[in-house]
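Okay, so here's the structure we're looking at.
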Amino acid sequence: MISNRWKDKVASAVAVLALASGTVVATSSSASAGTAYEWDLCNSGNGSCFGIFYSSVPGSLVIDSACFLANRSVPDHWGRYENGGTIQVRYQFRNQGYNGGPLIVFDRVSGGVAFAKCLPNGAGAGDPLKNNAASAVNQDTVPHTIYYNSGYGGQRQTINSGRGYNIIAELKNNNASSLRG
């Protein structure tokens, strides 16, 4: 289910398509253009993902909100264009469990986070990734760095493998790109 915030933006949509991978929901407002929403650039079943979470790490040290998953660099948290620019792929917070897949759980984390669950309908589900992140957990084999600007520029914070933290104040809700490695 797309959040109310997104429903308003796609009110004129004439089609909704869930792709076989279960990670993209596409809507089209005309025959020549469309918008797709994606939240898993990791194939989260492999267990080596970087999770960017909508919510902060609370006093219980357990994050339980919607998240965005990646095991690659993401130059613009807004999204990307595909098919010669006719499809906008917008990145959003969600979880593979939303479409009946496994609940994503980060259990090998330390440094500020004891446990993290990427909930299918947790806080932030359906909201855009760009400028909405509050914490991150890295279960990938290499560090990931979150940046203030698209294209890996400006203030940054690196989350090393096996670690998880609240995003620093300068980047909280001001995240525009993330670099793997």
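The values are calculated or read from the model by the stated rules, or taken from the named source; none is laboratory data. Model, not experiment: these values are computed from the prediction. A quick note on method: Cβ atoms are made from the backbone with ideal geometry, for glycine too, and the neighbour counts reach across all protein chains shown. Accessible surface areas use protein heavy atoms only, side chains included; no ligands, DNA or RNA. Shrake-Rupley method; radii C 1.70, N 1.55, O 1.52, S 1.80 Å.
Does at least one position in region 65-75 carry a residue that is surrounded by fewer than 16 Cβ atoms within 10 Å (Cβ to Cβ) and either on the phi > 0 side of the Ramachandran plot or at pLDDT below 85 (or both)?
First, pick out the residues of region 65-75 that are surrounded by fewer than 16 Cβ atoms within 10 Å (Cβ to Cβ): 72-73, 75.
Keeping just the survivors that are either on the phi > 0 side of the Ramachandran plot or at pLDDT below 85 (or both) gives none.
Scanning region 65-75 turns up no residue that is surrounded by fewer than 16 Cβ atoms within 10 Å (Cβ to Cβ) and either on the phi > 0 side of the Ramachandran plot or at pLDDT below 85 (or both).
Yes or no: Ala176 in contact with a Phe, Trp or Tyr (Cβ under 9 Å, 6 or more places away or on another chain), of a type in the set (Gly, Ala, Ser) and modelled with pLDDT of 95 or more? Break it down stepwise before answering.
Working: in contact with a Phe, Trp or Tyr (Cβ under 9 Å, 6 or more places away or on another chain): yes; of a type in the set (Gly, Ala, Ser): yes; modelled with pLDDT of 95 or more: yes.
Yes: the conditions hold for Ala176.
Taking region 134-156 as the search range and keeping residues that are over 14 Å from the mean Cα position of the chain (by Cα) and under 22 Å from Lys117 (Cβ atoms), which one is least open to solvent (accessible area, probe 1.4 Å)?
Asp140
Give the residues of region 121-156 that are assigned to a strand (DSSP E or B), of a type outside the set (Phe, Trp, Tyr) and closer than 19 Å to Trp78 by Cβ, sorted by residue number. Write out each step before concluding.
Going residue by residue through region 121-156, those that are assigned to a strand (DSSP E or B) are 128, 135-138, 144-149, 153-156.
Checking which are of a type outside the set (Phe, Trp, Tyr) leaves us with 128, 135-138, 144-146, 149, 153-156.
Once the filter is applied, which keeps residues that are assigned to a strand (DSSP E or B), of a type outside the set (Phe, Trp, Tyr) and closer than 19 Å to Trp78 by Cβ, region 121-156 yields Pro128, Ala136, His144, Thr145, Ile146, Asn149, Gly153, Gly154, Gln155, Arg156.
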